[in-house]
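Report on the following structure.
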Amino acid sequence: MPSALRLWFSISKLTNPDHQRRGFFMKKFIKILKFGGSSVGSAGRIKNVCGIIRDSALSLPKGNRITIVVSAMQGITDKLLALDFDFVKEKHITVAKELRVLPPTNLLDELENVIKAAKILNNVSPIILDLVTSFGERLSAQLVADYLNKKIPAIAVDARGLIKTNDDFQNAAVDFKKTNLCIKKFFKKLRGIPVVTGFVGSTDRGQTTTLGRGGSDYSASIFGAALGVKVIEIWTDANGIMTADPRVIAEAFTLPEISYEEAFEMAYFGAKIIHPATMLPAIKSRIPILIKNTFNSNHNGTLILKSPKKSDWGLKNITTIGKIALIEVGGANLAGHPGVAERVFGAVAKGKINVILIAQASSERAICFAVNRDDTEKAIAAIGKDFVSEISRKEVFVKKSDGKSVIAVVGDNMRGVPGVAGRIFKALGDNNINIAAIAQGGSERNISCVVAEKDKTAAVAAIHREFFQKDPAIFIVGTGNVGGELIRQLTGNQLKICGIANSEKMVFDHKGINSSNWKKALRQSQDPMNIEKFLEKAKLVSEKRIFVDCTASDSVARRYADIVKSGFHIVTPNKKANVLPMKNYFSLRKALADCAKHFYYDANVGAGLPIIESIKKMMAAGDEINKIEGIFSGTLSYLFNNYNGRQKFSELAQKAKVLGYTEPDPREDLSGKDVGRKLLILSREIGLPAESREVVLENLVKPDAYFESRFQKAKRAGKVLRYVGSIQNGKISASLRELPADHPLANVSGTDNIIAIWSRYYKTPLVIKGAGAGREVTAAAVLSGILKIIQQHG
């Protein structure tokens, strides 16, 4: 074991049989979790991080392990660079006390000696600074590992013994051949969860080095590539990579996936996600990188990978670089002269000045490029030195223009798509924003332009509206079980709810109602609920509107045709509109066709099961459905799956209501009416123009003694009770049946629905089975309808 390697762990916990059974000593590392300085900035945050680590470790399949990489605690690196030992010592001892772990005394003593020597010798060379700053990660790793060891075995690993570099101190280059061998050899025998120091490495002579900007992310990428993990998770203080800076654009939202190339472009142009160079080891090994939020661990974050799923957006991200200057080098004699650009940028390169953007006129009379404002004079001086003769003869001029910002628009989907640039520049022009320079890469995944600094925010907002703010506004009526759950699910999908109403009040906000505070907003509203006024206000909020009916109201359902004519799409779990008399049914369909609006009601039958969707596809393909039979009520399925003859049936029905499995009035389920409506809806879907009076139902609103008697009779015969609905030969019915235990419709549990469909193509029935009740699955089906409309009309 290299001498530079420091290991801290609890032998008693490492050898604990419980931990061995849970899989902490298994062989394959499949995931890296890297935590930045803000994630480990205090005792409370370290506790939170350790909770994430434990959850991740305990959720792994058997035979898989994780590796942790940590940065220094927030603000510590700056204090180390300032040689402020007292602050660093007090901070870490305080945190150790709060964590109730031993203070890292040995490391602090070592650091104190190094800093004392540096001050005495007045030596703050890069070599010394690398050694001093390495203590930030080493202290952090020890604290995290020690706290983890209270619950699960962990080991603090000093990466200086594993990452081998050259001696370019403060920005050392990694020797990957040596590094990979060291990592693989060490991890082959490692026990416990390794907590590795990010940012640091060492030379072959054992001198400490650091890896430069983004060093800890780089470390995670290095270890991930060496270990061949399946994913590298970078835990930050943001919900992944967003369409724009949320501090500037309130409507910005998290991108679920982006490509490596998109991430490079975004990072280069100022998106504070991950430094481009740090991704290279992961990219070469094609390891996905997942950006997650330490303080919102349930958020899905953003996955960076080689081939992300194709999105519907023309672009992915709008970002900016502020405080830049444009420098123009021009002259009539420059046209057609080879080597001019080489001289210009050669001079700039000699001055070690970073060029952010380049634009050249087709006449070749001028070259324009952007640099950081602080580099302006240095760049002009470097060019002036190289072109001194031409400038003196007034053949070449050099001009600067301060107070500029670069706006960069990034997205793989921009490639080969006509009109994207036109939309960008039109959006800026419509908002009176002048463009000083334009550049586009050959890959076509980036278009950049330079605008005045004062127009930066307005420019980003204009482009963001043009490409992203196309989702229809959502208006929800009904806030009970399904409506309340739908609002919760919409929150995670970054969709804008502009109106909410219950039976008493309604509330509106064109910017979007705060989904975490909607109940209070509705309660405090002064607007009594009135459906006509609700629709009138909704029309003022947005031109694109989705009306979501989460009530069981007949009166609201009867308004659907008028609602459609008022410019709304409709999504609903409410069955009432689809079981109205056929004249109303056809009237609604005509309104939908005339107004080019959509009506999604998949949740009418089977909650989230694809029953209606499957039947629509079969009919569209020319199939002919002969028979449908099944258990259509999640409520009744739950009741007869759980009824044992001992508990009163009425008590079980009340429990089902509390669990959210019933209609608002449980008698709708027990009477069979709910099943009847579903059967009628499906009958109409397969082309039967049936009316509700044609549906024959067995009413289960009966005394408890009836169910006890039926249960005992079925039990004696080795059978089970099931409420079965049927559509066959033009007849629609539902009744309580006694089925053999091995009958397909008997094999259900919980709130399962099971539906069998026989057709000309399906001689053996198509069977659809799954949870057919519950607020979550029903709301998810409604959400699916909303998303389909957004995809088609967003």
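The values are calculated or read from the model by the stated rules, or taken from the named source; none is laboratory data. Just so we're clear, the structure is a prediction, and the values are computed from it rather than from any experiment. When we count neighbours, we look across all protein chains shown, and the Cβ atoms used for this are built from the backbone with ideal geometry, even at glycine. The protein model used for the area step is the full one, side chains on, heavy atoms only, and it has no ligands, DNA or RNA in it. Shrake-Rupley method; radii C 1.70, N 1.55, O 1.52, S 1.80 Å.
Within region 550-612, the percentage of alpha carbon pairs spaced more than 18 angstrom apart rounds to 31%.
Between residue 285 and residue 596, the C-beta separation translates, for a Förster distance of 35 Å, into a calculated FRET efficiency of about 0.10. Just so you know, the averaged projected area of the alpha carbon convex hull for region 365-493 sits at 12.3 nm².
The convex hull around the C-alpha trace of region 685-764, projected and averaged over every direction, spans 7.1 square nanometres.
Relative to the longest principal axis of the Cα atoms of the chain, the long axis of helix 481-492 makes an angle of roughly 20 degrees.
Each principal axis of region 209-281 carries a Cα extent, and these read 39, 27, 22 Å when sorted largest first.
Considering only Cα atoms, the convex hull volume of region 230-318 works out to 99 Å³ per residue. Treating r as the C-beta distance of residue 648 and residue 295 and R0 as 41 Å, the FRET efficiency rounds to 0.30. Summarising the label geometry, the points placed 7 Å from Cα in the beta-carbon direction at residue 665 and residue 519 lie 2.6 nm from one another.
For the pair residue 354 and residue 791 in one chain, pulling the backbone fully straight at 0.36 nm per residue adds 153.2 nm over the alpha carbon distance. Taking 7 Å steps out from each Cα toward its Cβ at residue 767 and residue 691 produces label points 3.8 nm apart. Packing here is the average count of other Cβ atoms within 10 Å per residue, and on that basis the peptides 319-328, 339-348, highest first, run 319-328, 339-348.
Quotient of the Cα radius of gyration of region 577-641 and 2.2 N^0.38 Å, N being its number of residues: 1.37. The orientation-averaged projected area of the convex hull spanned by the Cα atoms of region 42-133 comes to 7.3 nm². The listed peptides 77-89, 625-637, 606-618, ordered by packing as a protection proxy, come out as 625-637, 606-618, 77-89 (highest mean of other Cβ atoms within 10 Å first). Here the label points at residue 784 and residue 704, each 7 Å from Cα along the C-beta direction, are separated by 3.8 nm in the simple model. A simple rule links phi to the HN-Hα coupling: the Karplus curve 6.51 cos²θ - 1.76 cosθ + 1.60 with θ = phi - 60°, which for region 774-785 gives x, 5, 5, 5, 5, 4, 5, 5, 5, 4, 4, x Hz, with x for Gly and Pro. The value obtained for the chain, namely the Cα convex hull volume divided by the number of residues, is 226 Å³ per residue. Which entries of 565/590; 597/788; 184/230; 309/769; 62/177 have Cα-Cα distances beyond 20 Å here? Table pairs above 20 Å Cα-Cα are 309/769; 62/177. Here the Karplus relation 6.51 cos²θ - 1.76 cosθ + 1.60, evaluated at θ = phi - 60°, turns the backbone of region 369-384 into coupling constants of 8, 10, 9, 4, 3, 5, 9, 4, 5, 5, 5, 4, 5, 5, 5, x Hz, with x for every Gly and Pro. Of the peptides 462-468, 134-140, the ranking by mean beta-carbon count within 10 Å, highest at the top, reads 134-140, 462-468. Against the criterion of solvent-accessible heavy-atom surface with a 1.4 angstrom probe, 595, 449 sort, most first, into 595, 449. Just round it to a whole percent: the fraction of Cα-Cα distances in region 387-444 exceeding 14 Å. Percentage above 14 Å: 69. Solvent exposure of residue 457, expressed as accessible area, is near 70 Å², computed with a probe of 1.4 Å over the protein chains only. Per residue, the convex hull around the alpha carbon atoms of region 743-794 comes to 84 Å³.
Region 248-401 gives an Rg/Rh value of 1.11, both radii derived from C-alpha positions and Rh following Kirkwood. Annotation: per residue accessible area for the chain equals 45 Å², rounded to a whole number [probe 1.4 Å, protein chains only]. Residues of region 538-580 with backbone nitrogen within less than 16 Å of a virtual label 7 Å along the Cα-to-Cβ line of residue 527, please, listed as ranges. Output list for this probe position: 538-548. When a 1.4 Å probe is rolled over the protein heavy atoms, the share of accessible surface on the chain that falls to carbon and sulfur comes to 50 percent. With the cut-off at 19 Å, report for region 600-680 the share of all Cα pairs above it, as a whole percent. Here the long-distance tail beyond 19 Å is 45 percent of all Cα pairs in region 600-680. The long axis of helix 531-541 is offset from the longest Cα principal axis of the chain by roughly 20 degrees.
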